[in-house]
Amino acid sequence: MAEQKKAQEQDLNHLLQVRREKLADLQANGKNPFQITKYDVTNHSMEIKNAFDEFEGKEVSLAGRMMSKRVMGKASFCSIQDLQGSIQAYVARDNLGEESYKDFKKLDIGDIIGIKGEVFKTKTGEISIHATEVTLLSKSLNPLPEKFHGLTNTDLRYRQRYVDLIMNEDVKDTFIKRSKILASIRNYLNGQGFMEVETPMLVANAGGAAARPFETHFNALDEDFKLRISLELYLKRLIVGGLERVYEIGRVFRNEGLDTRHNPEFTLMELYQAYTDYHGMMDLTENLYRHVAQEVLGTTKIVYNGVEMDLGKPFERITMVDAVKKYAGIDWNEVETLQQARALAKEHKIEFEDRHRKGDILNLFFEEYVEEHLIQPTFVMDHPIEISPLTKKKPENPDYVERFEFFMNGWEMANAYSELNDPIDQRERFAQQDANAAAGDEEAEHTDEDFLHALEIGMPPTGGIGFGIDRMCMLLTDSAAIRDVLLFPTMKSQGAAKNEANNAAQAGKTASLDAAMSQAEQVLTKQVEEAPAVEQEPLDLSKVKIEPLFEEMVDFDTFSKSDFRAVKVKECEAVPKSKKLLKFVLDDGTGKDRVILSGIHEYYEPEELVGKTCIAIVNLPPRKMMGIDSCGMLISAVHEYDGREGLNLLMVDDRIPAGAKLY
């Protein structure tokens, strides 16, 4: 293994050296590609392929990355990849000239070139460009991976998205669709008379949602600020100011966990319309989703993970109370007191906290029993007032509010209100949120005096809604994780040495060619190994404390009944409403997925565990945790270090197959 790794490193070092020597030779002969400032592109690959009859025999000029090359004596073929796709070029010495053809043969895969020539079809019927001119526009000094699609290390794909976009056509198509989705949303709303606006990201009071904010310090004012967690409160100020229909599409930031549906910075759209209510927001949502799907995908029927969802049919509308009655068999209208609600929660093993009130517990039942069933487009209406501090009460039942959540695929896709415009009522609800914060709720909102002042000026009856743009893009592009629709998702640091190198580069420090070569070699070695290096801090053993060994012996027969197996982590995500639990979907070698919950979120983020090989006891009886059956136990090593508990999930060599039994 060590010899193979050494041979790979030597091969990579040789490739790096050869490419730099080619560049030096070009520069010495006055052909430095990095001095070229522009290239006239007349057409793109798919434009030509889709209208061959129109382009046949005509001269065109394309530019892109050379992805393959076949040199056959006096004539060669190469493939050029541009924004739209790829096209073949036929390059012959007689058409190019002897000197230019020699230069072409020295080109490398990954070089960016311009091709000028006539459109024709080869004898095998492939649409191609008969090149009369080839121009090297940028020299690739770092070889592309031979195989990028299908790497088990998705971490590398997310970190090096530029390579992912080059090597994986599906990835590029996803982000082109994302751009079209955003454009379609804007076109629809602009056509409905909405005005797009921009509001502050740095705020003194981060309100409008139940989430923990990021905090920062503004040196010029010597004041602490927060990054916004929603767009709501400023947009409502604009409604007060007379802008009757406003929307904003922008990044918001929430200091929370990472999983397949959550990223700490994400794209949110909020819109507010004066003189309508949450029923108006339902109609707008239904029409907007249909419009975007039809315009971007050409159909109102979408398929996600093999499940078809129909946006063409009227969306179901159901109250939260009716939904809990339908799926949990509990009529909440008969629950009159907090004590009754708590008793029901205990009976159904729903975990709640002392601060939770009757409406909070209703929402816990909804999350436990209902959400997973809401696959087709569904509006869930009329939430309890306890979980809706910015919403108008229902006049006929003030324990509930005029609010809905829009669900598809079991996910919350949007959240809408008949907006509260009573400043006295709003102040009382802010006071309750302040009390929640004092009781330990880190996601509670705080009183915003300027917003209350705006309401006292007077806000008309208003409907408002917030859309999760990233989840919408996931559904419409059939993407498994939120990171698949974010060009540059948030990633865990690669270590101190890497950060220092990045900081030095940002500070404008220059390195010698040898240093640049060394850095490139390290990057390429990492690509070949398909995993970034993890730097370990040395452990000070004098600070380590372990539990004493058990004095009580266990007989061999009892021990042998515990079935320890190697398991592969297929999926891992944070359990909603839990700060400790991670949900693992595991391959245990049986062909059926095994779900195990483990309280190790304090020590690991879920994305870093996907693809790992761990050890689990698989013959324990199922144990319900947060309403989820946990079928087994993952093995971790626990110790105390410098007075704090330390934990390491036991991970083994990935060459060990799933299901391998431990003896």
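The values are calculated or read from the model by the stated rules, or taken from the named source; none is laboratory data. Because the structure is predicted, anything quoted here is derived from the model rather than measured. Here the Cβ positions follow ideal geometry from the backbone for every residue, glycine too, while neighbour counts run over all protein chains shown. Calculation scope for accessible area: heavy atoms of the full protein, side chains included, ligands and nucleic acids excluded. Shrake-Rupley method; radii C 1.70, N 1.55, O 1.52, S 1.80 Å.
Can you say whether LYS22 is without any contact (Cβ under 8 Å) to a residue 24 or more places away in the chain and basic (Lys, Arg), as far as the supplied structure shows? Spell out the reasoning first.
Working: without any contact (Cβ under 8 Å) to a residue 24 or more places away in the chain: no; basic (Lys, Arg): yes.
No: the conditions fail for LYS22.
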Margin query: Cβ-Cβ under 6 Å, sequence separation 6+ or interchain: first residue in the range 169-194 and over 11 Å from TYR247 (Cβ atoms), partner among the acidic types (Asp, Glu) and assigned to a helix (DSSP H, G or I). Which pairs?
Written below: VAL171/ASP164; SER184/GLU295
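Answer yes if at least one residue in the range 603-625 is of a type in the set (S, T, N, Q) and in a strand (DSSP E or B), and no otherwise.
At the first step, the residues of the range 603-625 found to be of a type in the set (S, T, N, Q) are 613, 619.
Narrowing the set further to residues that are in a strand (DSSP E or B) leaves 613.
Scanning the range 603-625, I find at least one residue that is of a type in the set (S, T, N, Q) and in a strand (DSSP E or B), so the answer is yes.
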Item checked: Cβ-Cβ under 6 Å pairs, at least 6 apart or on other chains, the range 465-482 side under 14 Å from MET269 (Cβ atoms) and aliphatic (A, V, I, L, M), far side open to solvent by 10 Å² or more (accessible area, probe 1.4 Å) and modelled with pLDDT under 95 -> none
Checklist line | Considering residues of the range 24-62 that are under 38 Å from the mean Cα position of the chain (by Cα) and among the hydrophobic types (A, V, I, L, M, F, W, C) only, the residue farthest from VAL134 (Cα to Cα) | finding: ALA51
Item checked: Among (1) free of Cβ contacts under 8 Å to residues at least 24 places away in the same chain; (2) in contact with a His (Cβ under 7 Å, 6 or more places away or on another chain), the one test that LEU582 misses -> (1)
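Can you say whether VAL60 is surrounded by 13 or more Cβ atoms within 10 Å (Cβ to Cβ) and part of a strand (DSSP E or B), as far as the supplied structure shows? It would help to see each step written out before you state the result.
Numbers: surrounded by 13 or more Cβ atoms within 10 Å (Cβ to Cβ): yes; part of a strand (DSSP E or B): yes.
Yes, satisfied.
Going by the conditions given, is GLU336 over 23 Å from ALA435 (Cβ atoms), assigned to a loop (DSSP other than H, G, I, E, B) and without any contact (Cβ under 8 Å) to a residue 24 or more places away in the chain? Break it down stepwise before answering.
On the way: over 23 Å from ALA435 (Cβ atoms): yes; assigned to a loop (DSSP other than H, G, I, E, B): yes; without any contact (Cβ under 8 Å) to a residue 24 or more places away in the chain: yes.
Considered against the rule, which asks whether it is over 23 Å from ALA435 (Cβ atoms), assigned to a loop (DSSP other than H, G, I, E, B) and without any contact (Cβ under 8 Å) to a residue 24 or more places away in the chain, GLU336 comes out as yes.
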Next item on the list: Taking the residues in the range 469-497 that are touching a Ser or Thr at 6+ places or on another chain (Cβ under 8 Å) and small (Gly, Ala, Ser) as candidates, determine which candidate is surrounded by the fewest Cβ atoms within 10 Å (Cβ to Cβ).
Entry: ALA480
Next item on the list: Collect the residues in the range 313-332 that are open to solvent by 100 Å² or more (accessible area, probe 1.4 Å) and either in a loop (DSSP other than H, G, I, E, B) or at pLDDT below 95 (or both), keeping them in residue-number order.
Entry: LYS313, PRO314
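Checking the structure you have, find out if any residue of the range 299-312 is open to solvent by less than 10 Å² (accessible area, probe 1.4 Å), at pLDDT 95 or above and in a strand (DSSP E or B).
Yes, that holds for at least one residue.
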Notebook entry, point to check: Which of (1) open to solvent by 50 Å² or more (accessible area, probe 1.4 Å); (2) outside any helix (DSSP H, G or I); (3) over 20 Å from PRO576 (Cβ atoms); (4) not β-branched (Val, Ile, Thr) does LYS349 not meet, given it meets every other one?
Noted result: (3)
Margin query: Quick check on the range 245-283: of everything there that is more than 30 Å from GLU607 (Cα to Cα) and either out of contact with any strand residue (DSSP E or B) (no Cβ under 7 Å at 6 or more places or on another chain) or in a loop (DSSP other than H, G, I, E, B) (or both), which residue is most open to solvent (accessible area, probe 1.4 Å)?
Written below: TYR275
